[in-house]
Structures are given as C-alpha cells and as structure tokens.
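To keep things clear, I will list the structure first and then write my remarks on it.
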Amino acid sequence: MTTGGGSFWTSGAVPLIEPEFLSSIIGAASDIALVVSAEGTILSVVINSHDDSFGNLAHWEGRPVVDFLTDDSIDKFQNAHNAYLGGGMPRKSIELNHSDNAVWQYPVRYTFHRFGQDDAVLLLGRDLRPIAETQQQLVQAQIALEQGHEAKREFDARYRVVMGSIEDAVVFVSVQTGRVEDANPKAASLLGLKPEALSGATFATLFSDRSGSELTESLMNSTLSDDASPVTVRATRTRQRLQIHPVVFRAAGQRVLMCRLTGDADPAPSPDTAASHAAALFRQTPDAVVFADTRGTVLSVNEAFQDLVGAAHLSDVVGASLADFLTRGQVDLGVLLENVTRSGQVRLYATRVVNDLGARVPVEVSATRLAAGEASAIGLVLRDVSRLEGVRKPEGGNTLPDPGRNVMDLVGSTSLKDIVAETTDVVEKMCIETAVNLTRNNRVAAAEMLGLSRQSLYVKLRKYGLLSKDG
C-alpha cells in the first residue's frame, strides 16, 4: 500500500501507533490482553470493550499472574514463561484457567508476543468459555442420546420378556396396512405358523372366512361397541374356530390393533382347590385370624376377630397395631414378633384381648411367618379360651397342682402367716420364670410384662437364684 508515492508498510513492520490508540487495537484484537514483566508480575490488563463478561480486572495490575491461575495452570505458565525468558518463543498457544477469589473460573488461550521492553511479554488471549459451553452441550446431548438408546433397549427387553412369557396369544396388526407387526409364540402356535413367518404376514390371510377389508372393519367396530364383543374367525391352517378380542391404540402417528386370540378348545383354568378352601376357612372359622406385617400392623382380619374385639367396621381394625388389642400391648406383640422372626412360628402363647368395652378375653395365640418375598407377613390365630378357664381351674384340694398340695400339707404344722408368705414366694417365682421364658430372657420386656422396674426384677431374680437362667 502506498500513500503519496511513499511506502506505508516497510518490511512487514507495523508503523508506530500512538499509545492512546494501541490499547483499543489490542483490546479489539483479543478478548483479554496481559503485559507481564520478567518477574511474572502483571503490568497492564486490557479487556475487549465489547465483552463485559470479565468484569473489572484492574486489581490484577501489580500482582503476580500466578495469583489468578488455578493450580493446574501455574506450571504450564511458568514453563512457557521460562522458555520465553530464555530467548525462545512458545510455538503453540497455551490454555490457562483463571480464577479470582475462588468466585469464578474461565479458560483462556494465550499467545506470547515480544514488544522489546525488558523481557516483558504481551499475552493475547481468546476466551474459551463459548467453546467450553458448546462442548458441554454436545457432551450432554450425547449422554441424553445414549440414555435414550439405553432406555429403548431396556423397554424392548421388557416387551420381549412379557410377550414371550404371557399365556395369552397376542398379535399386533397395523390398521393402515392390515399386516402383522408383531406376535408372540403363543399366537403363532395357535395359528399354526412359526413366529418368524407370522411377522409381516397379512392378517386376513390367516383366516379362511374373512377378507382383508371385512376383517379390519369388524375389528374396528368391535373396539367401538359398548359390549366389546369378540370377532369369531376360523384359522386357515389349524381349522380351529378362534375369537379375536381387539384393542385399538395410536403409536407413531398410526393406529394399531392389539388382538388377543382365544380358541374354543382352550381349557378353562382349573380352580385352585387349596386356595379356595383356605379362603373359606378364613371366612368361616370360629377362631379369630389376623394377618399382620412384620411390624405388627394389621393387614386383614376375619369376622371372628371383629367379634372378639367388638369392632363395628373393618376399617376400625385394619391399619392399626395389633398391640392395641392386647392387654400387655407392645410387650405381647414384641414377644410374638421376636419368636416368629427367630423360629418361624409360635405354637402357643397365652394372653388376653381387650375389646372396645374394656372387657379382657383370655386367648391362646399361635403365629406363623408367611414368607412371600418383599411382602412377607405374619398369620396369627387367636382362640377364645374363656369357656375353658372354669374347666382348667382347680376344684378342691385334690386337684391343686403340686405346689398347692405342698402348701396344704403345712396346715396344722406352721402358722398361717408363714404359709401365706411361702405361697407368695412360690407364685412370685413361677410368674417371674414364666415372664423370663416368654421373653426369651429379655429382662427389660419381662420387667414391663410383670409391671416391675428393672432394678426390682433383678433383686427378685437374685432372690430366687434365676440370674444364671438362659431363658
């Protein structure tokens, strides 16, 4: 380029530029420019006037550049700066991550430039945040795409497992083309074809008594009718009369018929005799039956249990804790649940049930753990033994238990006060032994069952020599 016959550019050198214009030119040529001394101190910072994302960086001037670099970028800068001071020039730009008071970070690609002032270096930088954001968006899009493919593969796997394992014969037919889009092995067997031969076949050709348009129209009319009556056809290969139960839905902008096929020769499912008998026994037995979860919450009861506790509605019982209906409450429930969990069943546990009127009915409880995967439950049978108490109570001195007969032998040889004291000790010891056995040597539960403090229970256990009892 020439002006007035003179050369404006000489030997590729840039003409002298006034200082007041130089900063604006450098700012326009880069996003951020740093002048760094030989000691690594920032002498000047120039920001592109059209980019305000960097903010005000005037506080950088006069401070070491490494103060504003992340740990992974300090070594990169120092290596490049040392090479520059040694007379070399980094051939490639370097990428440095800036940080300022740990508030923000951003990557910048710098190039080194000499400008002849005491080994100071001019760093012209390009903000890499737009590129980093674009790369992050691409990565997120790739991850979302892979997740979508994985979800589709998982859905296809579930779909294939369901189609292959169900007992019903199912065929998917396109309403537009009338062709079979998919079918399970049960349907192929019912139609006398192999599964691979059934896919893609014209659905109407599989039946001898219907044309294509007539069959499709009949199936669509069946889906629109209120009674949803099936369409009766005869299979071409097996000559078997079949019934088609259609359901129409829309997928990918097209209507599809899901046709469930049933044959006249399909055997009716045989009833589960044991299950029906068990259900009848649950409803009609005079004993109270309760099903509870592993925490003791009532799941279901029969009418006999409602009669036992005087519940007017099933909702008064279901959802409540079984401890609410036992005289010793949580102690009784804890003993039952602990023994059922440990051994799988409790053959006999004597307690009392409290009804809505406050009456206490003696019962004998047997419990069994019902293992059913995550839906494990506990079945309990409660038998009212109030009618048997009179039979089981001793009548006269000849029917007393052994401890009672021993006490009666003392009459005439010992004072009444001593006889009563000895009788009290015998009964107290029997009760403590029973409580310890029922709670499997759980001293806290036994004390609560007997209405004693733990300290009092230990005193009595020591008194009767029961501290070493294993329970």
From VAL353, VAL317, which residue is under 19 Å from ALA435 (Cα atoms) and aliphatic (A, V, I, L, M)?
VAL353
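Which one is surrounded by the most Cβ atoms within 10 Å (Cβ to Cβ) among residues in the stretch 90-106 that are modelled with pLDDT under 75 and part of a loop (DSSP other than H, G, I, E, B)?
PRO90
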Residue among ARG241, ARG210 that is surrounded by fewer than 18 Cβ atoms within 10 Å (Cβ to Cβ), on the phi < 0 side of the Ramachandran plot and among the charged types (D, E, K, R)
ARG241
In the stretch 147-172, residues that are assigned to a helix (DSSP H, G or I) and either within 16 Å of ASP182 (Cα to Cα) or touching a residue at least 60 places away in the same chain (Cβ under 8 Å) (or both) total 11
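Find the residue count for the stretch 217-231, including only residues that are under 19 Å from GLY263 (Cα atoms) and surrounded by 14 or more Cβ atoms within 10 Å (Cβ to Cβ).
Selection size over the stretch 217-231: 5.
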Go over the candidates HIS313, HIS277 one by one and state the one that is of a type outside the set (D, E, K, R) and within 35 Å of the chain's Cα centre (by Cα).
HIS313
When you scan the stretch 244-253, how many residues do you find that are surrounded by fewer than 17 Cβ atoms within 10 Å (Cβ to Cβ) and of a type in the set (Val, Ile, Thr)?
2
Output the residue which, of all residues in the stretch 48-65 that are more than 13 Å from LEU123 (Cβ to Cβ) and not in a loop (DSSP other than H, G, I, E, B), is modelled with the lowest pLDDT.
ALA58
Checking LEU450 against (1) surrounded by 14 or more Cβ atoms within 10 Å (Cβ to Cβ); (2) in contact (Cβ under 8 Å) with a residue 24 or more places away in the chain, only one condition comes out false. Which one?
(2)
Here is a check on your reading of the model: is ALA144 assigned to a helix (DSSP H, G or I), modelled with pLDDT under 90 and surrounded by fewer than 15 Cβ atoms within 10 Å (Cβ to Cβ)?
yes
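The values are calculated or read from the model by the stated rules, or taken from the named source; none is laboratory data. The structure presented is a predicted model; accordingly, all values stated were derived computationally and were not measured. So basically every Cβ, Gly included, is an ideal-geometry build from the backbone, and we count neighbours across all protein chains shown.
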